[in-house]
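Nothing in this text is a laboratory measurement; each read-out follows from the coordinates by a stated rule. Remember, predicted model here, so these are calculated numbers, not experimental data. When we count neighbours, we look across all protein chains shown, and the Cβ atoms used for this are built from the backbone with ideal geometry, even at glycine.
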Amino acid sequence: MEYRLRQRKDCDRGWTVREGKKAEGYSLRAFRERYPKEAGGYQVIGAVGAGCRKETGEWLLGEEVEKYYELSGSRFLYRTAGYIEVGENIYLAVRKSRLAERIAEILLILAVIGGISAGIWYLFFGPEGPDIDPGAGKYTADVELPENIDPDRISLPGYDQIMMAAGTDTAYVALWNPDRNPCYFQFEVVLDETGEVIYESRLIPPGNAVTEVQFDRIFDRGIYPITIRINTFNLEDYEQPMNGGEIAAELVAVEQG
């Protein structure tokens, strides 16, 4: 039997069989309307398109001879996009690659797995709350704050000098967060000469202070210009930064008699 493309008026799709050659046919929806599942009445003799390997016959596209192939191949990687009619109720399936959609599905699955894994990690190993400095404790300063201070305003303590014993790495000074502040404090001490951060606290709640400050190096006798940087974070959302400030001061290392 000679198989030849039949182009009917109700064809709703077209596929490029090879460069410059297009075949009209039926989409899956139109094909199912033409042949309801329970009715049958058609025959699929082979396939053209992606994933076709084993040649089983020929058909005519106009006056050009084309090959058709065994209807096989991985359903995972290839799908039937529609049908072209080559005889009375005789069809070739048009096969298309599913590689792009499978890659998208795999990426989606990996993203879901990654999200679930991250959620599990956060549930069991994530932070349970703000990272409070273990050295922070309740502190009452000698400084009296004004009674009518704006509750939304952040009060920064003042520092002129930080005294310490020469030949050591520790200063006994109160890095203090006034108790009326609406935020956590986090202190950094920067050595002006080099820009080196020589101390970094964790979060200090309002009304608390760190009173023993261990620097990252030992200081010999002398006066060292420093900047005390105060970073502030919201009490409700401790990862949300607020307004902070910087204080110019001196680190004074003195010989002990």
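Remarks
- Value of relative contact order over segment 13-98, rounded to a whole percent, pairs C-alpha under 8 Å and six or more apart: 31 percent
- Beta bridges per DSSP, both residues in segment 152-254: antiparallel share near 85 percent.
- Among the GluC sites (Glu not before Pro) in segment 32-124, those located in a DSSP loop and surrounded by at most 10 other Cβ atoms within 10 Å of their own Cβ are Glu38, Glu63, Glu88.
- DSSP-assigned coil residues among trypsin sites (Lys or Arg not before Pro) in segment 3-112, each with at most 11 further Cβ atoms within 10 Å: Arg8, Lys9, Lys37, Arg53, Lys54, Arg75
- Built amide H within the under 5 Å cut-off of Asp192, gap 5+: Ile226, Thr227
- DSSP bridge pairs, the chain: antiparallel proportion in percent, nearest 5: 80 percent
- Electrostatic tally near Arg98: other residues with Cβ closer than 11 Å to its Cβ, Lys and Arg +1, Asp and Glu -1, net +3.
- Cα centroid separation, segment 1-42 to segment 77-116 (Å): 18 Å
- Straight-line cross-link partners of Lys37 among the lysines, defined as a Cα under 23 Å from its Cα and at least 8 positions apart when in the same chain: Lys9, Lys96.
- Where only DSSP H runs of four or more residues are counted, the chain gives -4500 deg cm²/dmol as its mean residue ellipticity at 222 nm, each run worth -39500 (n - 2.57).
- Remark: relative contact order (the chain) = 14 percent; criterion is Cα-Cα distance under 8 angstrom and separation of 6 or more residues.
- Beta-bridge orientation, segment 44-187: approximately 75 percent antiparallel, per DSSP, counting only bridges with both partners inside.
- In segment 169-237, chymotrypsin sites (Phe, Trp or Tyr not before Pro) in a DSSP loop with at most 11 other beta-carbon atoms within 10 Å: Tyr172
- Alpha-carbon Debye profile of the chain, log10 I(q)/I(0) at 0.14, 0.15 Å⁻¹: -0.99, -1.05
- Each 5 Å bin from 0 upward holds the following percent of the Cα-Cα pairs of segment 26-115: 3, 13, 19, 20, 16, 12, 7, 5, 3, 2, 1, 0.
- Electrostatic dipole magnitude of segment 152-254 [Cβ: Lys, Arg +1; Asp, Glu -1; Cα centre; debye, to 20]: 240 debye
- The chain: angle of helix 99-125 to the longest principal axis, Cα-based, in degrees nearest 10: 30 degrees
- Listed residues Thr140, Thr16, Thr80, most fluctuating in the chain (Gaussian network, C-alpha, under 10 Å): Thr16
- Using only side-chain charges placed at the Cβ, +1 for Lys and Arg and -1 for Asp and Glu, the dipole size of the chain relative to its Cα centre rounds to 3160 debye.
- A Cβ-based charge dipole, computed about the Cα centre of segment 13-98 with Lys and Arg at +1 and Asp and Glu at -1, lands at about 640 debye.
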